[in-house]
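Here's the structure we're looking at; comments come further down.
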Amino acid sequence: MLGTLSLAACSSPPSTQGLAKDAAAAMGGLDRLRGVQTVAMRGGTGTRQRLGQMAHATDEEMPGSLANVVETLDLANGRAALDYEIKMGDFGQHRQEVLTKKNGKAVGLENVAGRPLAVMSPSGLFSWGTQNSPEFLLRRNVVGIVMAAADTASTEMPQTRDFAGTPHAFGTTRLASGETIGLYFNTQTKLLDGFETTDTESMLGDQPSVYTLDDYRDVAGVRLPHKITIVKGGKPYSDVQFASAAVNDADALAVFAIPDAANAEVDTAIAAGDYSPISIVKITDGVYFARAYSHNSLVVEFPSSLAVVEAAYTDAQSATLARVLAEQFPAKPIRYAAVTHYHYDHSGGVRGLAAVGATILAAKEHEPMLRPVLETPHTNPPDALESAKKTGKAGAIEFFEGMRVISEGGQSLELHAVTGIPHVDPKVLAFVPKGGVLYQSDLFFPGTGAPAGPDAVALLQAVRALKLRVTTNAGGHGGVGPFAELEKAVAAAQKGS
Ligand SMILES: [Zn+2]
């Protein structure tokens, strides 16, 4: 009896909830945290990995470097934005992906320097920032997690577990999303030093993920971590060191504004569910260009079905493509979807097309990258393919060596796995003999007047070696142009060198 009394006198019983309340107190107090409506983290520099941009499927990943990272969270309204510059080898882009709302309904805006603003469903957002979608920022931010844990009754006895090399108090809690999350509390500072949970990545699928929070600094009475390191599936994913942060800065909300010119498409995106801009343009009889805002596809029409070349960008783009094609060709299902290469921006919609029953066709050498994308479970939350697998409606995956031809009723589509192209080895070129249409991505941007680099030179060599009678080029980037455009560009490049 005496012992119980003395225990009660010195501290509350240890529980995850108690530790979370202590963490909230160390961050400035639960009331202050409840008053945090927006957080803007600014001036970040760091690294992003798992971009899937290797030249060979079995190569080590090439990390991207991040600069000028700004992450804006509107906790009060469920909005989040990523803004950053990414550099990967010679490639560099200033990108912004925004999950915003109109009349309470979520919509995505993608703003890439040099391109028009693109409107899409939040599921259509694709990011090379510290996460692959701004939606993760909402579910994985320290303020929300600590508040959720402090508000969730628990009698669980915390354990002692090592984290970042030192013993921490570890306990689990449930988030509003229903997810269970493991929390590591620093026994000295009481702050949350990290957490672990399952992230479902669009390409990597379910990944046990560990977040490390460092460099807590005072921001207007609230202590916030300024260094965040993310490991997914046991491999480095991203890290960022922010220079500064602001809490409840009204000016930070400007990133969520919807420009007037985008309003009509915002309404379309909200009404559609999964949505990404796409339109179908006829190239020649039985061959169509699926023009998206940055990553295009080719559609080949057969007597009883369709084939798509390039399941590009996101599953939202695939869902939109499938919907648009079902309207235009109601009796013709997408029977095949061919992958030109596994780079994530060009295969990000592969699960979406498998989900509508398309058989995925890919080069044997691309299997180490593509098979995991299609087979790793995607459960938190389940995506369209995960659901289609349960009902037996998912498409199969077939790998081919060298060449694969699909023919029906005089129409055919040739897939050639070509070696010797610097961008990716091998690279699949698609050719429709009837009409002489060649589709490739990333090697040459048809219809744009773009110069020919080493990839375009290698492309022309490959086309000549295969003796393809090409009249028209269609590009994963750019548009549609005459074959002579490529020949001229290569000749000009060779003259110049
Ligand atoms: Zn590529």
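Measuring from centroid to centroid over Cα atoms, what is the spacing of the range 257-328 and the range 168-218 in Å?
What the calculation gives is 37 Å, centre to centre.
To the nearest 20 debye, what is the magnitude of the charge dipole of the chain about its Cα centre, counting +1 on the Cβ of each Lys and Arg and -1 on the Cβ of each Asp and Glu? Provide the component values of the computation, followed by the final result.
On the way: 42 positive and 52 negative charges, 98 e Å.
Computed about the Cα centre, the dipole is about 480 debye.
Please give the charge dipole size of the range 434-497, origin at the Cα centre, charges +1 on K and R Cβ atoms and -1 on D and E Cβ atoms. Round to the nearest 20 debye. If you can, show how the numbers build up before the last one.
Numbers: 6 positive and 4 negative charges, 59 e Å.
Around 280 debye, computed over the range 434-497.
For the chain, take the longest principal axis of its alpha carbons; what is the angle in degrees between that and the long axis of helix 16-26, to the nearest 10 within 0 to 90?
Relative to the chain, helix 16-26 is tipped by roughly 90 degrees.
Could you work out how far helix 454-466 tilts from the main Cα principal axis of the chain, as a 0 to 90 degree angle to the nearest 10?
Value to nearest ten degrees: 40.
Got a sec? Charge dipole of the chain, +1 on Cβ for Lys and Arg, -1 for Asp and Glu; which of V300, L192, A319 is way out at the positive end?
V300
Among V247, I278, T166, whose Cα sits farthest toward the positive end of the charge dipole of the range 142-288 (+1 at Cβ of Lys/Arg, -1 at Cβ of Asp/Glu, about the Cα centre)?
Farthest towards the positive end: T166.
Starting with the highest mean, order 316-323, 85-92, 330-337, 388-395 by the number of other Cβ atoms within 10 Å, averaged over the residues of each peptide. Mind showing how you got there, number by number?
On the way: 316-323: 26.0, 85-92: 13.0, 330-337: 17.6, 388-395: 15.0.
Taking the mean over residues of other Cβ atoms within 10 Å, the ranking is 316-323, 330-337, 388-395, 85-92.
How big is the charge dipole of the range 109-254 about its Cα centre, in debye rounded to the nearest 20, if each Lys and Arg gets +1 on its Cβ and each Asp and Glu gets -1 on its Cβ? Display every interim value, and only then the final one.
Numbers: 11 positive and 17 negative charges, 18 e Å.
Charge dipole, the range 109-254, about its Cα centre: 80 debye, nearest 20.
To the nearest 10 degrees, how steep is helix 315-328 against the longest Cα principal axis of the chain, on a 0 to 90 scale?
The two axes meet at around 40 degrees.
In Å, what Kirkwood hydrodynamic radius results for the chain from the alpha-carbon pair distances? Please list the in-between numbers first.
Values: mean 1/r = 0.0411 Å⁻¹.
One decimal place: 24.4 Å for the Kirkwood radius.
Between E398 and Q188, 0.36 nm times their residue separation minus their Cα-Cα distance comes to what?
Values: separation 210, 0.36 × 210 = 75.60 nm, distance 5.49 nm.
Result: 70.1 nm gained on full extension.
On a full-extension model of 0.36 nm per residue, what is the gain between T471 and F329, subtracting their alpha-carbon distance, rounded to one decimal in nm?
Stretched fully, the T471-F329 segment lengthens by 48.6 nm.
Once you order the gyration tensor axes a ≥ b ≥ c over the Cα atoms, which shape class does the range 173-220 get: rounded for a/c under 1.5, otherwise prolate or oblate by comparing a/b with b/c? Can you show the working numbers first?
Numbers: a/c = 2.25, a/b = 1.88, b/c = 1.20.
It is prolate, given that a/c is not under 1.5 and a/b is the larger ratio.
Can you tell me, using C-alpha contacts under 8 Å and at least 6 residues apart, the relative contact order of the chain as a whole percent? Mind showing how you got there, number by number?
Values: 1157 pairs, mean separation 59.5, N = 497.
RCO, the chain: 12 percent.
State the Cα centre-to-centre distance between the range 431-461 and the range 367-412 in whole Å.
26
Skipping prolines and chain starts, which residues have an amide H placed within reach, meaning under 5 Å, of the one on I283, given they are 5 or more residues away or on another chain?
Distant-sequence amide H within range of I283: Y288, F289.
If the limit is 20 Å between Cα atoms, which of K21/K190; K427/K467; K332/K427; K467/K488; K434/K488 go over it?
On the way: K21/K190 9 Å; K427/K467 17 Å; K332/K427 28 Å; K467/K488 18 Å; K434/K488 24 Å.
Exceeds cut-off: K332/K427; K434/K488.
Pull up all non-local amide H partners of Y313: gap of 5 or more, or a different chain, and H-to-H distance under 5 Å with H placed in the peptide plane.
Answer set, sorted by chain and number: H346, S347, G348, G349.
None of the figures in this text is laboratory data; all of them are computed from the coordinates on show. Note that the coordinates shown come from a computational prediction; the quantities given were computed from them, not determined experimentally. All Cβ positions, glycine included, derive from the backbone under ideal geometry; neighbour counts span all protein chains shown.
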